[in-house]
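First the structure, which I've put down as structure tokens, then a few questions once you've had a look.
The values are calculated or read from the model by the stated rules, or taken from the named source; none is laboratory data. Everything quoted here is computed from the prediction, not taken from an experiment. Every residue, glycine among them, receives a Cβ derived from its backbone with ideal geometry; neighbour counts consider all protein chains shown. Calculation scope for accessible area: heavy atoms of the full protein, side chains included, ligands and nucleic acids excluded. Shrake-Rupley method; radii C 1.70, N 1.55, O 1.52, S 1.80 Å.
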Amino acid sequence: MANQQQLEILQQGINAWNAWRNEHPEVQPDLSGAMIGGANLTGANLHDADLRNAILNGADLTEANLNGAITDSP
């Protein structure tokens, strides 16, 4: 289940999210099971994020950093 505090930061927008990621590089974001389909995640730093079971249908992931992200797919 997604970390509610982290999900709230993401919902504040990509600038807030990326600033938080820069301030907390040691944190592995837990967005597992989050319902973020249709979200504008352009340029989001999702490096090493746990995205298992996250609903991402229609999300704009253009230029998002997904390196090391954990997903359901192999």
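Using Cα springs under 10 Å in a Gaussian network model of the chain, which residue among Leu61, Leu31, Leu46 shows the largest mean-square fluctuation?
In the Gaussian network model the winner is Leu61.
With each pseudo-label sitting 7 Å past Cα toward Cβ, what's the Asn18-Arg52 distance in nm, one decimal?
With each label placed 7 Å out from Cα toward Cβ, I get 2.9 nm.
Could you work out the Rg to Rh ratio of the chain, with Rh taken as the Kirkwood radius (inverse of the mean 1/r over all Cα pairs)?
Expressed as Rg/Rh, it is 0.91.
Per residue, what accessible area does the chain have, given a 1.4 Å probe and all protein chains present, in Å²?
Result: 61 Å² per residue.
Return the loop-located GluC sites (Glu not before Pro) in the chain (DSSP other than H, G, I, E, B) with at most 14 other Cβ atoms within 10 Å of their own Cβ; answer none if there are none.
On the way: sites: Glu8, Glu23, Glu26, Glu63; in loops: Glu26, Glu63.
Filter output for the chain: Glu26, Glu63.
Here's another thing I want to ask about it. In whole percent, what relative contact order does the chain give with Cα contacts below 8 Å and a gap of six or more residues?
Computed over the chain, the figure is 28 percent.
With springs only between Cα atoms under 10 Å apart, run a GNM on the chain and tell me which of Asn22, Asn53, Asn45 wobbles the most.
Top of the fluctuation ranking is Asn22.
So how far apart, in nm, are the two label points at Gln28 and Leu66 if each is 7 Å from Cα heading toward Cβ?
Taking the simple label geometry, Gln28 and Leu66 are separated by 1.9 nm.
Rounded to the nearest percent, how much of the accessible area of the chain (1.4 Å probe, protein heavy atoms only) is carbon and sulfur?
Percent of accessible area from carbon and sulfur atoms in the chain: 46.
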